[in-house]
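First up is the structure itself, then whatever we jot down about it.
The values are calculated or read from the model by the stated rules, or taken from the named source; none is laboratory data. Predicted model only: the values in this text are computed from it and were never measured. Positions of Cβ are backbone-derived with ideal geometry, glycine not excepted, and every protein chain shown enters the neighbour counts.
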Amino acid sequence: MVVEDNERVASSVKKGLASQGYLVNVFGDAESAIKEAKSVDYDLLLIDIMLPRMNGIELSKQMRAAYPRIPIIMLTALGSIDEKISGFDAGADDYMVKPFEIRELFARIAVLLKRHREISEEEIQGLLTYDRISIDLRSKQVHSQGQLIKLTPKEFDLLHFFLKHRETMLSKDEIARNVWSKNFDTGTNYIDVYINYLRKKIDRDFSPKLIHTKSGHGFILSNKE
């Protein structure tokens, strides 16, 4: 599903994706997209932020709430760090700033679809636990020592990745490829920002501390210092 009110951009994206074998439906506003999603199962959403009436941030929030597992890529001319963080917090898995190279869009879509299909046995069961942390993959709820912790969608994805690779040193590049996309710019401080957000929620008021930074190596989720 492509939600884009600029007819030229929408036509170009649809033509490019069709050339790769994708079946594409285009909608010019959020309301039409929400109505359509109720009757058709889509594999991926491409959402522009600057939409008439309901913007892409609100649309992404509603789509993520209704369809927790569907991959979402935001396509927008808004490219500041704050704007990108707003997109990720709304549930976007990736974010592309216009104008973009269509081949890069193909690559990012392929990565997200591949990740979406790779479901582990733990994920099938719907529950991941480690030490005092448990996350329910169906309800998207996180508990620490039995206390409910409210996370944004991207914070949840980050914690999920840490739990899947607990007690394993993770580089920024690995986190970027798996929580964002393989084309994520690791030169930015997004990862540090989100890890700090996550620490404040799951570590600040609890013990033991679980997320550790190893200078020159990366990050690790571990109950061992």
**Q.** Residue identified as at pLDDT 90 or above and under 22 Å from R108 (Cα atoms) among D136, D157, D205, D185
**A.** D157
Q) Going by the structure shown, is A37 closer than 29 Å to S139 by Cα, in contact with a Phe, Trp or Tyr (Cβ under 6 Å, 6 or more places away or on another chain) and surrounded by 13 or more Cβ atoms within 10 Å (Cβ to Cβ)? A) no
Q: Hey, could you check region 104-129 for residues that are more than 18 Å from P71 (Cα to Cα) and in a helix (DSSP H, G or I) and say which is modelled with the highest pLDDT?
A: Q125
Q: Report whether or not G91 is surrounded by 14 or more Cβ atoms within 10 Å (Cβ to Cβ), within 21 Å of L198 (Cβ to Cβ), modelled with pLDDT of 85 or more and touching a Phe, Trp or Tyr at 6+ places or on another chain (Cβ under 6 Å).
A: no
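Looking at A30, A66, can you tell me which residue is closer than 24 Å to S86 by Cα, surrounded by 15 or more Cβ atoms within 10 Å (Cβ to Cβ), in contact (Cβ under 8 Å) with a residue 12 or more places away in the chain and within 20 Å of the chain's Cα centre (by Cα)?
A30
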Q. Can you name the condition, by its number, that S32 falls short on among (1) over 20 Å from D93 (Cβ atoms); (2) part of a loop (DSSP other than H, G, I, E, B)?
A. (2)
Q. Is it the case that region 46-53 has a residue that's outside any helix (DSSP H, G or I), modelled with pLDDT of 90 or more, among the β-branched types (V, I, T) and touching a helix residue (DSSP H, G or I) at 6+ places or on another chain (Cβ under 7 Å)?
A. yes
